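Where a number appears in this text, it was derived from the coordinates with a stated rule and is not lab data. Remember, it's a predicted structure, so these values are computed and weren't measured experimentally. Here the Cβ is made from the backbone with ideal geometry for all residues, glycine too, and neighbour counts use every protein chain on show.
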Amino acid sequence: MSKRKRPCAACAGCGYADPEPHDPRYEPSPRRFCAACAGTGWDYRTPAKVRMSDATAARVLAGMAEAEARPTERDGAVAGLPADGLGCAAVGETPPWYRVWFDSPYYGILYGDRDQAEADAFIRRLARTLRAQPPAAALDVACGTGRHAVVLADLGYDVLGIDLSAPSIAAARRRARPNLRFQVLDMRAIEWRERFDAALNLFTSFGYFGAEDDERRVLAGIRRALRPGGELVIDFLNAARTVAELVPRERTERGGIAFDITRELADRTIVKTIEVDDPRRPAGHPRPRFQERVRALSAGTLRGYLQDAGLPVERCYGDYALNPFRPDVSDRLILVARKPER
Ligand SMILES: C[S@@+](CC[C@H](N)C(=O)[O-])C[C@H]1O[C@@H](n2cnc3c(N)ncnc32)[C@H](O)[C@@H]1O
């Protein structure tokens with residue numbers, strides 16, 4: 001592990017030590033925002049009440065523009081990362097899309113309307129079907145701001161939420177309880193042994209890496225972390241339906257900020273490009289541009305990955321009401337797999 005000092009991409013040059021150990025096996029560069037920029041300027045829960053002051057916004061945008069202007073060693077080298085967007089690191093290396101986008105305040109603004117009520121109802125319904133019952137230990141893999149983890153904790157589970165995004169974990173920690181903790185961790189680096197009775201990976205938090213080995217490493221880590229008989233729930237998009245109904249172009253507005261979104265299927269990956277029209281962007285500054293890239297894994301492929309990982313699928317649902325999965329109509333693909341008893 002290395003702990004290098006990097007300038008913050010937002011306030012450009014304040015200099016900060018990455019608060020979490022950086023694992024160079026998975027990421028070429030450590031996280032790019034200092035705690036001040038990542039944790040305090042934005043309220044991730046209430047996009048309509050974005051708390052970033054105009055002065056902070058100007059500073060962030062100026063920092064982004066400055067970062068974009070700097071030459072990088074690998075401009076354009078990583079497929080999907082735009083050469084003119086925030087995707088170009090300030091530090092001479094191009095971070096992967098999932099680090100750039102999920103760490104960005106715009107992610108919280110675009111998806112801030114994700115429904116806590118829906119998460120609440122889903123988790124309460126799902127928990128009734130799980131073998132592990134409170135106070136069993138549950139791991140929420142890629143927990144985001146903890147909207148599912150908090151419900152599990154309120155049901156009495158002992159919950160750990162992990163996520164790569166420091167800003168999301170900072171927001172999640174505002175919800176911490178004695179039986180609910182959060183930790184910044186790359187899902188490919190899960191190393192616990194037989195510590196959890198259940199693991200969850202929810203709302204399309206899989207298929208990001210473009211490398212099958214990485215996806216399989218995630219599942220192997222989860223299997224190791226589960227106790228014998230423990231279950232993993234993966235809530236993934238229904239690729240068949242998503243691809244069939246892909247909306248190629250859309251403009252949407254949140255909290256006074258417009259998002260131009262394009263979607264395409266490229267190399268069996270659903271690629272969403274997001275360009276941001278922020279009225280606080282100083283004149284002449286380019287529009288921030290991000291990508292989301294999720295492999296269009298079919299139900300069969302995902303089942304196969306789980307089977308290969310030693311986690312055979314036992315149940316398969318098609319939506320948050322837990323109706324049976326049907327490829328042509330289901331909104332979601334929710335697989336429940338189980339680590340065999342010894
Ligand atoms: C679509 S969001 C879902 C978040 C949360 N499960 C929810 O439903 O609100 C995907 C999450 O995956 C996280 N993520 C992306 N790459 C990751 C990685 N390599 N390790 C851990 N988390 C990661 C992102 O930071 C983001 O919070």
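For this structure, a couple of remarks:
- Per DSSP, loop GluC sites (Glu not before Pro) in the range 232-302 with at most 11 further Cβ within 10 Å: 245
- Label point of residue 131 set 7 angstrom out along Cα-Cβ; within the range 291-331, amide nitrogens under 20 Å from it belong to 303-317.
- Here r is the Cβ-Cβ distance between residue 285 and residue 173 and R0 is 45 Å; the resulting FRET efficiency, rounded to 0.05, is 0.90.
- Per-peptide average of other Cβ atoms within 10 Å, ordering 122-134, 142-154, 231-243 highest first: 142-154, 231-243, 122-134
- Distance between the pseudo-spin-label points of residue 212 and residue 183 (7 Å out from Cα toward the beta carbon): 3.1 nm.
- The overall shape of the range 145-300, judged from the alpha-carbon gyration tensor, is oblate: a/c is not under 1.5, and a/b is no greater than b/c.
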